[in-house]
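Below is one structure, written out as structure tokens; comments come after it.
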Amino acid sequence: MSLINQMLSDLDQRQAGNSDTVSGNPEYGTPQIAAVFPLNKRPSRSYIKYAFYSIVILLLSAITWFSYSIYSRTQQTAAVNNAAPAKPQTVKKVVTQQQKSKPRRTQKTLPLTSAKNVATDNTLKKARLSKRVDRPVPVQVPVTGLAQRSPENTEQPVTTSVSESSHDMQNNAEISSDISAVQKQNYQLSPRQLAEVTYQKGYQLLNQNKVYSAEVKLQLALEHDPKHIKAREMLTALYLRMGRKVEAAEVLAKGLLYVPGYSNFAKLQARLFIDNNKVDRAVTTLLKYKPALSADPDYYALLAASYQRQKNHAAAAGVYVKLLKQKPREGIWWVGMAISLEALGKTKQARDAYEKARQTGTLNPLFSDYSSQRLKQLQAVGESE
């Protein structure tokens with residue numbers, strides 16, 4: 001049993017050595033954390049620099065868009081103000097001068113009505129004239145915002161209706177309110193971006209040994225985005241380092257609910273079960289969330305070691321056979337299969353497995369010595385038989 005524990009420890013060291021690659025589903029693109037997480041590996045400076053530059057670029061883009069919106073609204077307001085109609089006083093002055101210059105001619109001023117009514121009156125007058133001279137009446141399209149000239153007085157100036165002037169003033173007020181609304185608008189980050197920013201703050205606090213402040217930031221990051229893998233892994237590792245295994249198991253359980261395809265959560269959860277002598281729950285967890293064999297071979301190595309702790313050596317040997325088809329040069333897997341074959345009473349096959357484990361040249365001194373000793377004992381048993 002102590003050798004199987006040593007195999008589990010060796011599996012943890014292999015997991016920590018491969019922490020730059022993501023296990024399980026490679027689409028998540030996040031660093032892998034070993035089962036026993038000492039937090040001795042920090043993200044590279046290039047990654048921090050990349051995140052800093054990304055945030056700066058986002059802020060600059062938001063400021064540029066905000067400035068351009070204000071400039072466009074200001075230009076539109078100035079154009080509307082320049083196109084405002086003339087004051088009624090000027091129109092009144094012109095009419096007075098014309099009346100003085102031509103006192104004998106009767107002036108007919110149009111009532112302050114809309115352009116549609118003025119156009120209708122002019123059309124009716126021209127229709128009466130056309131009946132006298134028997135010619136067709138030309139149809140004129142009314143000009144919006146301006147009253148038509150009287151047909152009897154071609155020198156009468158163009159007047160502006162009161163309703164159109166008030167409509168323009170209303171448009172100007174709406175444009176001004178839109179500009180003020182744009183000025184008050186603030187750029188907001190998405191929940192995923194908020195989670196990343198909060199995670200980075202928690203990581204910085206952890207580097208400064210501000211453990212409890214870092215814990216608060218990591219919890220807040222998971223509130224923003226429960227699927228943030230890095231924040232969940234770091235919070236789990238923090239709890240494990242503090243000896244708070246129950247809280248670490250709860251964080252991992254929620255991670256399996258939100259991101260069931262990320263196999264590292266299942267491996268960490270299974271290791272917690274094994275440490276608490278709950279091997280059956282470890283095997284159940286590993287079987288429920290298992291990825292493809294080619295995606296995460298170490299996941300299946302942990303499953304085989306769990307079978308051995310469960311004394312299910314037939315299932316463990318079957319898993320080791322599949323693993324060795326993928327990587328036949330892994331000496332530790334040959335030793336694991338030899339242990340299960342020896343427990344099943346298959347002495348000759350166990351002897352061959354120990355021999356192949358030594359031939360790989362990848363065993364550490366402990367497993368190398370163990371393989372040599374078991375090989376000698378099994379050979380002695382074979383000769384006596």
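Of the listed requirements (1) part of a helix (DSSP H, G or I); (2) in contact (Cβ under 8 Å) with a residue 12 or more places away in the chain, Gly261 misses just one: (1).
Kindly indicate which of Leu363, Leu375, Leu302, Leu324 is in contact with a helix residue (DSSP H, G or I) (Cβ under 9 Å, 6 or more places away or on another chain), under 19 Å from Ala270 (Cβ atoms) and surrounded by 12 or more Cβ atoms within 10 Å (Cβ to Cβ).
Values: Leu363 fails: under 19 Å from Ala270 (Cβ atoms); Leu375 fails: under 19 Å from Ala270 (Cβ atoms); Leu324 fails: under 19 Å from Ala270 (Cβ atoms).
When all the criteria are applied, what remains is Leu302.
Every residue, every condition in (1) of a type in the set (A, V, I, L, M); (2) touching a His at 6+ places or on another chain (Cβ under 9 Å); (3) surrounded by 14 or more Cβ atoms within 10 Å (Cβ to Cβ), yes or no:
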| site | (1), (2), (3) |
| --- | --- |
| Ser306 | no, no, yes |
| Pro328 | no, no, no |
| Ala338 | yes, no, yes |
| Lys346 | no, no, yes |
| Lys356 | no, no, yes |
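For segment 338-385, the candidate set comprises residues that are basic (Lys, Arg) and not in a loop (DSSP other than H, G, I, E, B); within that set, the residue that is farthest from Ala317 (Cα to Cα) is Lys376. Select from segment 222-232 the residues that are over 15 Å from Lys201 (Cα atoms) and either assigned to a helix (DSSP H, G or I) or over 17 Å from the mean Cα position of the chain (by Cα) (or both) and list them in ascending order. Matches in segment 222-232: Ile229 only. Lys311 falls short on exactly one of the conditions (1) farther than 30 Å from Asn209 by Cα; (2) touching a helix residue (DSSP H, G or I) at 6+ places or on another chain (Cβ under 7 Å), and that condition is (2). For segment 324-331, state whether one or more residues are in a loop (DSSP other than H, G, I, E, B) and within 30 Å of Glu233 (Cα to Cα). For segment 324-331, residues in a loop (DSSP other than H, G, I, E, B) and within 30 Å of Glu233 (Cα to Cα): present. Beta carbons closer than 6 Å, at least 6 apart along the sequence or on distinct chains, pair a first residue in segment 352-374 that is without any contact (Cβ under 8 Å) to a residue 40 or more places away in the chain and of a type in the set (Ser, Thr, Tyr) with a second that is surrounded by fewer than 17 Cβ atoms within 10 Å (Cβ to Cβ) and assigned to a loop (DSSP other than H, G, I, E, B) for Thr360/Arg329. Just one of the numbered conditions (1) loosely packed, with under 15 Cβ neighbours inside 10 Å; (2) assigned to a loop (DSSP other than H, G, I, E, B) is not true of Pro291: (1).
Counting just the residues of segment 233-248 that are surrounded by fewer than 18 Cβ atoms within 10 Å (Cβ to Cβ) and in contact with a helix residue (DSSP H, G or I) (Cβ under 9 Å, 6 or more places away or on another chain), which one comes out farthest from Asn207 (Cα to Cα)? Walk me through how you get there before you give the answer.
Narrowing segment 233-248 to residues surrounded by fewer than 18 Cβ atoms within 10 Å (Cβ to Cβ): 241-247.
Still in the list and also in contact with a helix residue (DSSP H, G or I) (Cβ under 9 Å, 6 or more places away or on another chain): 241-242, 244-247.
Numbers: Arg241: 14, Met242: 15, Arg244: 20, Lys245: 22, Val246: 24, Glu247: 21 Å.
Once the filter is applied, the top-ranked residue is Val246.
Taking segment 210-229, which residues are buried (at least 19 other Cβ atoms within 10 Å of the Cβ) and among the acidic types (Asp, Glu)? Break it down stepwise before answering.
Step one: of segment 210-229, the residues buried (at least 19 other Cβ atoms within 10 Å of the Cβ) are 214-215, 217-218, 221-222, 224-225, 228-229.
If the condition is that a residue be buried (at least 19 other Cβ atoms within 10 Å of the Cβ) and among the acidic types (Asp, Glu), then Glu215, Asp225 are the ones that fit.
Each value in this text was obtained by applying a stated rule to the coordinates, not by laboratory testing. This one's a predicted model, so the numbers in the text were calculated from it and none came from an experiment. Neighbour counts are summed over all protein chains in view; Cβ atoms, including those assigned to glycine, are modelled from backbone coordinates with ideal geometry.
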